Structure formats: C-alpha cells, structure tokens
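The values are calculated or read from the model by the stated rules, or taken from the named source; none is laboratory data. In this text the structure is predicted, and so the values were computed from the model without any measurement. Positions of Cβ are generated from backbone atoms using ideal geometry, with glycine treated the same way; all protein chains shown enter the neighbour counts. With ligands, DNA and RNA removed, areas are computed over all heavy atoms of the protein, side chains included. Shrake-Rupley method; radii C 1.70, N 1.55, O 1.52, S 1.80 Å.
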Amino acid sequence: MKILVLNFIMPFVILLVGSMFKKHPVSDMSSQNGYNTPASRKSQARWDYAQEIAPDIFISLGKTLGIIEAVCCFILLFFEVSPTNSVMIGNGIGVAFLIYGFYDIDSRIEKKFADDE
C-alpha cells in the first residue's frame, strides 16, 4: 500500500511547477525558463500571455489530479488491484493530465492570437 504514494508525485510536481511559475514569472523569452513551447515563443505577446495563464491552469490541474488520484487509489484498493497495476494506472492518468495541460494552454494561446497569422 505504501507504493500507492507514488501516484501523488505527478499532482505534487504539477502543483509545484504552477506555484513556481506564479511566484517567479518569467518575462524574458531568451532565458528558456517559464512556460516554453513553440506556441508561446512565436512572439513576446504570446510569451507574456502564456506566462500569465499557465500557472493557474497547472495549479488547477494539480489539485484536480490529486483528488482523482486519491479516489482512484481507494477504488483500486476496494477491487484489490495489485499495487503495481495501481501505480501504472495512476501514472497513466497523471501523464494524461500533464499532456492535457500543455494542450489546453497552447490551444488558448492559438485561439487568442489567431488573428496574428
């Protein structure tokens, strides 16, 4: 059962990254820090917008993922799924949330700056 704690690494890291982005916003694109994707690097305006929205999205996703991981662990324990399989399921859910976070932020950037192209 102690191994199930591994399922909470991803929510913790997502929350930590969101909190760090919020506490230490990056205004310099050339620093390679901050929310740094091809969509955010196309212009300074895109970069600034990405640095503005990314922290709140990551913090929200981290909190939601933490709750989902907790519920998932209880359900998997109830059905007596092996701890190894439970961790694999939890990690899959965590990776899906992380990918969705990047997709969501990049989609918002593209939507806001659709007229620029």
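Quick check: is even one residue across region 21-42 on the phi < 0 side of the Ramachandran plot, touching a residue at least 60 places away in the same chain (Cβ under 8 Å), open to solvent by 20 Å² or more (accessible area, probe 1.4 Å) and in a helix (DSSP H, G or I)?
Checked against the condition, which is being on the phi < 0 side of the Ramachandran plot, touching a residue at least 60 places away in the same chain (Cβ under 8 Å), open to solvent by 20 Å² or more (accessible area, probe 1.4 Å) and in a helix (DSSP H, G or I), region 21-42 yields no hits at all.
Answer with yes or no whether Leu16 is surrounded by fewer than 16 Cβ atoms within 10 Å (Cβ to Cβ) and either hydrophobic (A, V, I, L, M, F, W, C) or touching a residue at least 12 places away in the same chain (Cβ under 8 Å) (or both).
On the way: surrounded by fewer than 16 Cβ atoms within 10 Å (Cβ to Cβ): yes; either hydrophobic (A, V, I, L, M, F, W, C) or touching a residue at least 12 places away in the same chain (Cβ under 8 Å) (or both): yes.
Answer is yes for this residue.
What single numbered condition from (1) touching a residue at least 12 places away in the same chain (Cβ under 8 Å); (2) out of contact with any Pro (no Cβ under 6 Å at 6 or more places or on another chain) fails to hold for Gly62?
Going through (1) touching a residue at least 12 places away in the same chain (Cβ under 8 Å); (2) out of contact with any Pro (no Cβ under 6 Å at 6 or more places or on another chain) one by one, Gly62 breaks only (2).
Across region 64-117, which residue is surrounded by the fewest Cβ atoms within 10 Å (Cβ to Cβ) among those that are of a type in the set (Asp, Glu) and part of a helix (DSSP H, G or I)?
Filtering first and then ranking leaves Asp115.
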